[in-house]
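Taking it in order: structure first as structure tokens, then the write-up.
The values are calculated or read from the model by the stated rules, or taken from the named source; none is laboratory data. This one's a predicted model, so the numbers in the text were calculated from it and none came from an experiment. Cβ: placed from backbone, ideal geometry, glycine included. Neighbour counts: every protein chain shown. Only protein heavy atoms, including side chains, enter the accessible area calculation; ligands, DNA and RNA are left aside. Shrake-Rupley method; radii C 1.70, N 1.55, O 1.52, S 1.80 Å.
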Amino acid sequence: MGLTECDALNDQAALPFLRAATQAGVVRPRAYYELARIEYANLTKGSGAPKTSLGIDGILALLETGRKQSPSLPEIYELYTKIWIDQEIAIDPEKLSILNEGLRTHSRNYQILLTSTIYNFMNARNDEAKSLIKRGLAGALTPAQRD
């Protein structure tokens, strides 16, 4: 029901269903992603928006659960990077390994590729970052991707 509400662009109606499903341990990575996405949007909205009681750690825990399930969803990795950037969370080797995992399973996702490249440079892993740049340029299909 929660995923159907998300498909209908009714996120607030989806919340109770997604919360119940994830608390019950459903094996549907999209349920964890959608709940994390909605909760993060609520957390970062203006003062009139409903807030989440999960906080950043709870939202990241949802993504972690979804990431460990199959099928792998690129949206999970994209939301990880959005949160890390927005919240100015330091990128350590563990987080880099999450991005590298995302690249292995979603090799043509340019958002994950770009973020991983930036984080590798930020962590003085220049050879890996240069390799990712070459990989991105070799697979670029559009001028925007090459840029």
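Could you grab me the full set of residues in the stretch 83-125 that are among the hydroxyl-bearing types (S, T, Y), more than 17 Å from A140 (Cα to Cα) and either free of Cβ contacts under 8 Å to residues at least 12 places away in the same chain or not in a helix (DSSP H, G or I) (or both)?
Step one: filter the stretch 83-125 for residues among the hydroxyl-bearing types (S, T, Y), giving 97, 105, 107, 110, 115-117, 119.
Then keep just the ones that are more than 17 Å from A140 (Cα to Cα); that gives 97, 105, 119.
Within the stretch 83-125, just S97 meets the criteria.
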Note to self: Quick test of your reading of the structure: L99 fulfils all but one of (1) surrounded by fewer than 18 Cβ atoms within 10 Å (Cβ to Cβ); (2) out of contact with any Asp or Glu (no Cβ under 8 Å at 6 or more places or on another chain). Name the failing condition by number.
What the structure shows: (1)
Next item on the list: Scan the stretch 130-147 residue by residue and report those that are in a helix (DSSP H, G or I), hydrophobic (A, V, I, L, M, F, W, C) and more than 20 Å from the chain's Cα centre (by Cα).
Entry: I133, L137, A138, A144
Check: Can we say L132 is in contact with a Gly (Cβ under 7 Å, 6 or more places away or on another chain), more than 27 Å from V26 (Cβ to Cβ) and either open to solvent by less than 30 Å² (accessible area, probe 1.4 Å) or not charged (D, E, K, R) (or both)?
Finding: no
